[in-house]
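Scroll down for the structure; my scribbles are underneath it.
What follows is calculated from the coordinates using simple rules that are stated; it is not laboratory data. Bear in mind the structure is a predicted one, so any value in this text is a computation, not a measurement. Cβ coordinates were reconstructed from backbone atoms using ideal geometry, including for glycine residues, and neighbour counts include every protein chain displayed.
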Amino acid sequence: MGISRRTALKGLAVAGSVAVGGRARAAERTLPAAPPDAVGLLYDTTRCIGCKACVVACSEANNLEPDDAYWPGGLYQAPLDLNERTKNVIKLFKGDDETPSSFMKAQCMHCLDPACAAACMLGAFKKREFGIVTWQADLCIGCRYCQIACPYGIPKFEWSKALPKMVKCELCSHRIAQGRIPACAEACPREAVIYGTRVALLAEAKRRLAAYPDRYVPKVYGESEGGGTQCLYLSHVPFEKLGLPTLSDSPTHDPVRTLQHRINKGFFAPVALYGALAVVLFRNRKAGAAERASEEAP
Amino acid sequence: MSVGAVPVGGRILTKPFKALAAVAAVGFAVIALRFAVGLGATTAMNDGYAWGLWIAYDVVTGTAFACGGYALALLVYIMNRGRYHPLVRSAILTSAMGYSIAGFSVMLDIGRWWGAWKVPFFVWRWNPNSVLLEVALCIMAYVVVVWIELSPAFFERGRTAALPWVRRLSERALVILDRGLIWIVALGFLLPTMHQSSLGSLMLIAGPRLHPLWQTPFLPLLFLISCLGMGFGAVIVESSMASRFFGRRPHTQMLAGLAAIVVPILLAFAAIRFGDLMARGALPLLFAFDLRSVLALLEFGLVVVAGAMLVTRTARHRAGTQFRAAMLLLAAGALYRFDTYLVAFQPGPQWSYFPSLGEIVVTVGLVAFEVLVYLVLVKQFPILGAQPAPPQRPRPSGIARVERAGVTG
Amino acid sequence: MSLDYSETLFAAAGHQAEAALKAAMTRNAGKYVCVIEGAIPTKDDGVYCMIGGRTAVDIARDVASRAGAVIAIGSCASWGGIPSADPNPTGATGAPQVLQGSTVVTIPGCPPNPYNFLGVVLQYAAFGTLPTLDRLGRPLFAYGRTIHEHCPRRAHFDAGRFVEEFGDEGHRLGYCLYKVGCKGPQTFANCSTLAFGEVNDCWPIGIGHPCFGCTEQSIAFRVPLHTTIDILRPTPPDTYPPVRAPQGTVSPLATGVAGLVTGALVGAGYAMSRKLDAADRPEAKADAAGPPSREDEPPRPEV
């Protein structure tokens, strides 16, 4: 019994430590690659006048119900935030003596390595054509793990419905399929938000930063944040004030992926552990039977 | 086979049973409402706090409370400490109930529950990066495993049933189980190891949205260690209460053995937790004395006090001390899980959440239901292990002995 | 412009009127404008409106067949109007339904704005063309937008200032009438931008009564006057949400209940442990041991 116990504990320790994982080593990692035909938006706070034409256009293009969240029964299309009826919203950052005010257009960032897609069990949220992150109803069970995962808090859930969906901007992929552009970009009267390939938008953003260095915070938000996004931001106030989180260059869900890969590389560790357990159990049972036999022997 | 296990017997429809049934009924009424009108109307969950009480308690904490079967499987079958065998079957029952209720709670909590069947069957759609997928599959499999592990109790009773086909079926089943249960027991150890640690990994994905006092790559290890401790703690609590309420002699000696095992587990948990905070430079946060820091300190406090209560041998052999320490340790584990899933989660300062009355009612109702089923099964089937031998009577002196004999006759 | 036939304005009557009609139709075949006013009853072969032994249906079809342009003026002629309201005993319908297959310009309204009619006639007279029509035959220059989009009270709607009851303070101040049943959000017409009879505010909202959707077949004489309807094309008001808008409710009742449940658990747990303490004492153990015979009794469950 002594031998089998030692073997058991050794086997357990090895397999267990592999299965459970220790410090995830974040080695130098290259940024996720953008799909070659990746499209997105570039929003420039210095050009936005807060007319909310984009909010209306999005609501119409996506057949959304009016959102009276700001003042229920009082105002009829006044979203408070992105929610189950609103995929695009204009918020106001009220400035003070040091920082000027700014509008902020919030919608899905269409990350290059989306946390929602990493979280989703059956791949309902997935990066599909043109790198647009879309939602597929028949694969979603409404577990809302994507809401836990997204660092920007974008996916919204239809709390008010008995048969709910997940709701978020999908870059009007239904319009793009028809050769048109997202409704918000089309509606904007001052081209504060424009649509294009990520490559072109990034180039344009950098051009503006170089041409007007005094106007902007010297960074294109989304170039590398969380691994990079397809919706980019230029701003004249610090991005944190607009509600955009300060993120490192690696996706927020990287540690999980490392862990899962280590455990599940071909299910090696679980199978190995199971094998070790079976061996131990068999040995113990044999030892137990032998003990009983020796007790019963006269 | 559990030698000496017998059904407890007795009336089922007692007053406590009826009270529990009433509570459970109210819970089920709210559950029906949840399906009729949706989650928004019955719960306080929102887009910021997408997971609430039903995940934090029913699934994450509830399964940890139900780790008695796992902990005892490790002790009895892997480490071959056969003397704890009488405790196994009732621990397995608690595990079976706990995990089944957890699975049911998941069905309540997810929004598009009609598609849940796809999770185990749509293999070609499985996302290997999703920790939640692993948790879901493991828990689904473990629910099956644990009821199979419990099934000998049902078949043993079936051996003496009135209907002959039931008797035949039970005999055959017991033969198969006798040979094959070993493979199931191995699964019954593998699966909880995987999913209890993964319940910790689940919150890794929140990244910076989980407060640094809880966000650590050691989450899976900490969850695994604490669930082992909670498993033993749950066995102590359940066994003590079963003995007390069914008028049986308590397994104090055995529970003392479990209490002894618990101490190093608590120590390991506290050491790793504290060491991790130190290594990540998060210790100043522990002493910031805001709400989160106070709760984290409380976690440590409960662990330390529970461990301290069980340090001496005499203390471990006292039923009252065992029970109190076990309750504290369960509270510590529960608090750690509530903190990780709710308190530590930071979707943004604009979001607020506290479980709604509906959520609380459902949770309490499901716990009541769990107890109900436990009572029925324990009374009808051979689950509770044999009572320990009676304690040695102190030999009274001569005259007292005669007097006693006269009184009792 | 020559008004060659008009049932209501003619000095002539009877056979002379009929002859004038026939002559006008022959003289200007393919060039005249046929204006239809009023609903056309179709039930029972159209007997409910007969002139000179012919049903209105036949007359309409006959005159329209040789017209250069057909205009249906008013809601009655456009889709049936008041006579078509339930139970519609005469089967009253509009001209487009009777003249299936032909292009009928409809100028709905009860009453319609005469300038909408005039605009169509002038275009036809000057250029021989008809203005762009929507799928119901309404000229887009007049019926392309909803009342709501051009309402003079729109600012009140956007600011959340509503009349709650007729005669209240909001009503005196001219607030938005949406909550007392204004059908403006679903009604296509230009009453808000083109005054009737060249008198400003000479329309329902102008005098403080909600629009009743007189141009729309699905609304007028169907949806009750003071029933609120959905907004067809929502547009946002002047407010902006902050970057981090507070959301999420914390119920004091639930908090209290949670506290009670936790307290009960703690209390019960402690009480239970005290009972175990009592059972732990050596005297208690001796009592529990009891005489040997007791060991064979089955345990008595308390639960």
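What to note about this one:
- Net charge of neighbours whose Cβ lies under 11 Å from the Cβ of B:Ala5, counting Lys and Arg as +1 and Asp and Glu as -1: +1
- Long-range Cα-Cα pairs in the stretch A:27-140 (distance over 25 Å), rounded percent: 39 percent
- Extent along principal axes [Cα atoms of the stretch A:155-284; Å; largest to smallest]: 77, 41, 29
- The order of C:Lys183, C:Lys275, going from fewest to most other C-beta atoms within 10 Å of their C-beta, is C:Lys275, C:Lys183.
- The label-point distance for A:Lys206 and B:Arg280, in a model that sets each label 7 Å from Cα toward Cβ, rounds to 3.5 nm.
- Electrostatic dipole magnitude of the stretch B:148-264 [Cβ: Lys, Arg +1; Asp, Glu -1; Cα centre; debye, to 20]: 360 debye
- Alpha carbon Rg of chain C, scaled by the compact-globule rule 2.2 N^0.38 Å: 1.93
- Close amide H contacts of B:Ala386 (hydrogens built in the peptide plane, cut-off under 5 Å, sequence separation of 5 or more or a different chain): B:Ala5.
- Cβ charges +1 (Lys, Arg) and -1 (Asp, Glu), total dipole of chain C, debye: 900 debye
- Partner shielding of A:97-110 amounts to 1, given as the average count of beta-carbon atoms from other chains within 10 Å of each residue beta-carbon.
- Residue of B:Leu330, B:Leu291, B:Leu133 that the Gaussian network model of chain B assigns the largest fluctuation, springs spanning Cα pairs under 10 Å: B:Leu291
- From the C-alpha gyration tensor of chain B, square roots of 5λ in Å: 37, 28, 21
- Close Lys pairs in the stretch A:133-267 (alpha-carbon distance under 29 Å; sequence gap of 8 or more, or different chains): 10.
- Between the beta carbons of C:Asn28 and A:His174, assuming R0 = 51 Å, the FRET efficiency works out to 0.50 to the nearest 0.05.
- Of A:Ala185, A:His253, A:Ala210, farthest towards positive along the dipole that unit charges on Lys, Arg, Asp, Glu beta carbons give the stretch A:146-261: A:Ala185
- Neighbour counts of C-beta atoms inside 10 Å place C:Thr262, A:Thr229, B:Thr43 in the sequence C:Thr262, B:Thr43, A:Thr229, starting with the fewest.
- For the stretch C:162-214, the list of GluC sites (Glu not before Pro) that fall in a loop by DSSP and count at most 14 other C-beta atoms within 10 angstrom reads C:Glu164, C:Glu165, C:Glu198.
- The value obtained for the stretch B:4-105, namely the Cα convex hull volume divided by the number of residues, is 118 Å³ per residue.
- Here's the list of aspartates and glutamates a cross-link from C:Lys275 could span, going by alpha-carbon distance under 17 Å and ignoring same-chain residues fewer than 8 apart: B:Glu238, C:Glu283, C:Asp287, C:Glu302.
- Inter-chain Cβ neighbour average for residues A:129-142, partner chain, 10 Å: 3
- Degrees, to the nearest 10: C:14-27 long Cα axis against longest axis of chain C: 90 degrees
- A simple charge model with +1 on the Cβ of Lys and Arg, -1 on the Cβ of Asp and Glu and nothing else charged puts the dipole of the protein assembly as shown at about 4300 debye relative to its Cα centre.
- Across the stretch B:303-316, computed HN-Hα scalar couplings (Karplus, 6.51 cos²θ - 1.76 cosθ + 1.60, θ = phi - 60°) run 5, 5, 5, 4, x, 4, 5, 10, 6, 8, 5, 4, 4, 5 Hz from first to last residue, x flagging Gly and Pro.
- Most positive-pole-ward Cα, A:Ala200, B:Ser100, A:Asn62, against dipole of the protein assembly as shown from beta carbon charges: B:Ser100
- Number of partner chain Cβ atoms within 10 Å, mean per residue of B:186-193: 5
- Cα-based convex hull volume of the protein assembly as shown per residue, rounded to whole Å³: 259 Å³
- Pairwise label distance in nanometres, C:Asp134 with A:Ser101, each label 7 Å out on the Cα-Cβ vector: 3.6 nm
- When you filter the chymotrypsin sites (Phe, Trp or Tyr not before Pro) in the stretch B:259-347 for DSSP loop state and at most 16 other Cβ atoms inside 10 Å of their Cβ, you are left with B:Phe287, B:Phe289.
- Of the residues C:Ala23, C:Gly80, C:Gly267, the one whose Cα sits farthest toward the positive end of the charge dipole of chain C, with +1 on the Cβ of Lys and Arg and -1 on the Cβ of Asp and Glu, is C:Ala23.
- Exposure proxy ranking, count of Cβ atoms within 10 Å, fewest first, for B:Leu13, A:Leu273, C:Leu133, A:Leu171: B:Leu13, C:Leu133, A:Leu273, A:Leu171
- FRET efficiency, C:Asn200 to A:Trp71 (Cβ-Cβ, R0 45 Å, nearest 0.05): 0.90
- Inverse of mean 1/r across different Cα pairs in the stretch B:253-365, Kirkwood, Å: 15.9 Å
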